[in-house]
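K.L.:
First the structure, which I've put down as structure tokens, then a few questions once you've had a look.
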Amino acid sequence: MDEKMAQLPTKRYEAYLRKMAIDGYIVQVDTTDINEMTKALGSIGRNISQIAKRMNAGGPAYQADMEEIRERLEQIWQLQRRILLSQR
């Protein structure tokens, strides 16, 4: 049992035994790419909110802001491609 638990993120016997008793198996999913994409989406959302706030206050939209959004969107597209390709 210790060998199987070492392969999983849980270190608590109770959680391991409960999961095995209910389902009979544990599926471990690597969500690293999805977490990266979520962070990138949050960053873009914050940038867009800041730009919208500045523009609503009568301020200008800066080219650097738009470039950062484009770069972040490119990161998201790359992450999506990587996630989709890893599913094949």
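K.L.:
If you fit an axis through the alpha-carbon atoms of helix 63-86 and take the longest principal axis of the Cα set of the chain, what angle between them do you get, 0 to 90°, nearest 10?
P.N.:
30
K.L.:
On a 0 to 90 degree scale, rounded to 10, what angle separates helix 32-56 from the longest Cα axis of the chain?
P.N.:
Orientation of helix 32-56: about 30 degrees from the principal axis.
K.L.:
Using helices alone, I'd like the mean residue ellipticity at 222 nm for the chain: each DSSP H run of four-plus residues gives -39500 (n - 2.57), total over residue count, nearest 500.
P.N.:
Result for the chain: -24500 deg cm²/dmol, rounded to the nearest 500.
K.L.:
Now for a separate question. Given 0.36 nm per residue, what is the gain on full extension from Gln63 to Leu85 after removing their alpha carbon distance, in nm?
P.N.:
Here the segment from Gln63 to Leu85 would lengthen by 4.6 nm.
K.L.:
Asp65 accessible area, nearest 10 Å², 1.4 Å probe?
P.N.:
That residue has around 40 Å² of solvent-accessible surface.
K.L.:
Just one of (i) 33, 12, 8; (ii) 34, 18, 11; (iii) 43, 16, 9 is semi-axes √(5λ) of the Cα gyration tensor in Å as worked out from the coordinates here. Which one is it?
P.N.:
Of the listed options (i) 33, 12, 8; (ii) 34, 18, 11; (iii) 43, 16, 9, (iii) comes from this structure.
K.L.:
Mind checking which aspartates and glutamates have their Cα closer than 17 Å to the Cα of Lys11? Skip sequence neighbours fewer than 8 apart in that chain.
P.N.:
Within reach: Asp2, Glu3.
The values are calculated or read from the model by the stated rules, or taken from the named source; none is laboratory data. All values reported here derive from a predicted model rather than from experimental measurement. Keep in mind that these areas ignore ligands, DNA and RNA; they rest on the heavy atoms of the full protein, side chains included. Shrake-Rupley method; radii C 1.70, N 1.55, O 1.52, S 1.80 Å.
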